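Here is the structure we will look at, set down as structure tokens.
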Amino acid sequence: MDKQTKSQKLYDLGLRATELYLHDVAIKCLTEAANLGNADAMYLLGTIYENAMCEYNLQKESEQLKFVDDEQIFRWYKRAADKGCKKAFIELALIYLDEDNLEYNKRAATKWLKMAISWNQPAAEKGDPYAMLAIANAYGQYNFNRTLRYGGVLGKDSLADKWFNFAFATFKRRANDGDADAMVELGMMLYYGGMTKNVAESIRWLKKAAESGDDEIKIRAYSKLAHIVTSNDDAVSYCKKAAELGDFTSMRQLWYFYKTGTKAKKNLAEADRWLKKSEEIQAAFLETVPEDFRE
């Protein structure tokens, strides 16, 4: 097996292990892939350390990272950015913009945000809405829009807003053309967006995406709906729909709901049922991982 193939295989294993909260396995696989030069593995290692607490309630104690080291976050994002990973540019810039971080450096932040813009510009100009959002994020994170105005209009129409609106319009056009993936993205932009915020429309597009014949898109749509709807019964119902399609995180969400009585009546038997289902997915995955990375 050549170096590139091996690094990609290890990255794929590390990514799946991350999704299954098997962080020890993920870190071993991804570190090996990173040492083989895989920039995506470097980036994912940064996100693992940065987001270690994000799914805390959904993890068993044995799955939780015991130590979260800011130096590790910076190290892996920096290596990924130096290797040309576009996703790492903004993450690294945010570290440099954090006045409480030892790496605080406004000049370095400016450098990486400008890199994010220039590297995403060709794809954005060809119509890639994800590249458009990356550019909007870069302009929005710093004060570029004070000096670089779209049309030169002071106080409005910043470049961040313009690129966000370009992305929104692109996703909306694709969604209207029947693209279910775009429906999910549009739904989330409608939910989280500033000027575009419209919760009712967000729910409508996500429900439409859930009618897709693609189980992965259905899972994404149901999972988003579970977090957006205000009714506890609806939240649990959408979570179950995703879990029944095999979504690991939704299974753990149901475990938490029934274990704690959050959004659903406390039911330890039901909690245990969903926990066991999630553990079966973990066990099946671990059978595919080389023994050296399981120890």
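Brief remarks follow.
- Residue match in segment 73-85 (condition: of a type in the set (G, A, S), touching a Gly at 6+ places or on another chain (Cβ under 9 Å) and modelled with pLDDT of 95 or more): yes
- Qualifying residues in segment 158-185 (those that are acidic (D, E) and more than 21 Å from the chain's Cα centre (by Cα)) - the one surrounded by the most Cβ atoms within 10 Å (Cβ to Cβ): D161
- Pairing residues of segment 116-139 that are touching a residue at least 12 places away in the same chain (Cβ under 8 Å) with residues that are of a type in the set (F, W, Y) and buried (at least 21 other Cβ atoms within 10 Å of the Cβ), at Cβ distances under 6 Å and at least 6 apart in sequence or on separate chains, gives A116/F89; P129/F171; M132/W163; I135/W163; A136/W163; A136/F164.
- Members of segment 106-150 that are in a loop (DSSP other than H, G, I, E, B) and at pLDDT 95 or above: K126, G127, D128
- When every residue of segment 105-119 is checked against the conditions, at least one turns out to be surrounded by 15 or more Cβ atoms within 10 Å (Cβ to Cβ) and either closer than 23 Å to Q4 by Cβ or in the same structural domain as Y256 (by TED's automatic domain parsing) (or both).
- In the set K224, K277, K265, K241, only one residue is crowded, with 20+ Cβ neighbours inside 10 Å and modelled with pLDDT of 95 or more; that residue is K224.
- Flag for Y43 being modelled with pLDDT of 95 or more and either aromatic (F, W, Y) or not in a helix (DSSP H, G or I) (or both): yes
- Answer residue from segment 1-40, given it is assigned to a loop (DSSP other than H, G, I, E, B) and among the aliphatic types (A, V, I, L, M) and is surrounded by the most Cβ atoms within 10 Å (Cβ to Cβ) among those: L22
- Residues of segment 46-66 that turn out to be over 16 Å from G14 (Cβ atoms) and either part of a helix (DSSP H, G or I) or in contact with a helix residue (DSSP H, G or I) (Cβ under 9 Å, 6 or more places away or on another chain) (or both), as a count: 9
- Of the residues making up segment 248-265, at least one is within 26 Å of the chain's Cα centre (by Cα) and of a type in the set (G, A, S).
The values are calculated or read from the model by the stated rules, or taken from the named source; none is laboratory data. Keep in mind that this is a model prediction, so the values were computed, not measured. Ideal geometry is used to build each Cβ from the backbone, glycine not excepted, and the neighbour counts take in all protein chains shown.
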